[in-house]
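Here the structure is laid out as C-alpha cells; the discussion comes afterwards.
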Amino acid sequence: MQRPSRLLTAGSLALLLALAGCHKEDDRRVDGPAERAGKELDQATEKAVVHLDKAREDFQQAAKETGRELDQAAEKAGEGLNKAAEVVGEKLERAGEKVQASAEAARREDEEKGKSK
C-alpha cells in the first residue's frame, strides 16, 4: 500500500502548486520600497516628457517668431541701405556735373587765352 500513499502525496502536492499558481499576480505581490520608488520614477519621467515636449514646442514657436522678426528687420535695413545708396548716387552725380562744368570752364578759359596770344 505504499504506492497509493506516494501517489496521493504527489497528487496533493501537484494540486497545491496548481492552486497557488491560480492567484492573480497582484494578489500575491506586495510592493516594496524599491518597487514604489520605481513607479514614482516612472511617473516623474512621464511628467518630464510631457513638460519637455511642451517646452520644445514653445521653443520652436519662439524660434519661428524670432526668424520672422529678423527677416522684417533685414528687409527694413535693406530698404535703408537702398535709400542711402540712392542719395550717395545723386550726390556723386551732382559732383560729377560740377567737375564737368569746371573742366568746360577751364577749357574755355584756355581757348580764350590761346586766341588772345
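The values are calculated or read from the model by the stated rules, or taken from the named source; none is laboratory data. This structure is a prediction, so every number in the text was calculated from the model and none was measured. In this analysis, Cβ positions are derived from the backbone assuming ideal geometry, glycine residues included, and neighbour counts consider all displayed protein chains.
General observations
- Test: G96 is under 51 Å from the mean Cα position of the chain (by Cα) and surrounded by 10 or more Cβ atoms within 10 Å (Cβ to Cβ): no
- All positions within the stretch 12-53 that are at pLDDT below 70 and either part of a helix (DSSP H, G or I) or in contact with a Leu (Cβ under 8 Å, 6 or more places away or on another chain) (or both): L13, L15, L16, L17, A18, L19, A20, G21, E25, D26, D27, R28
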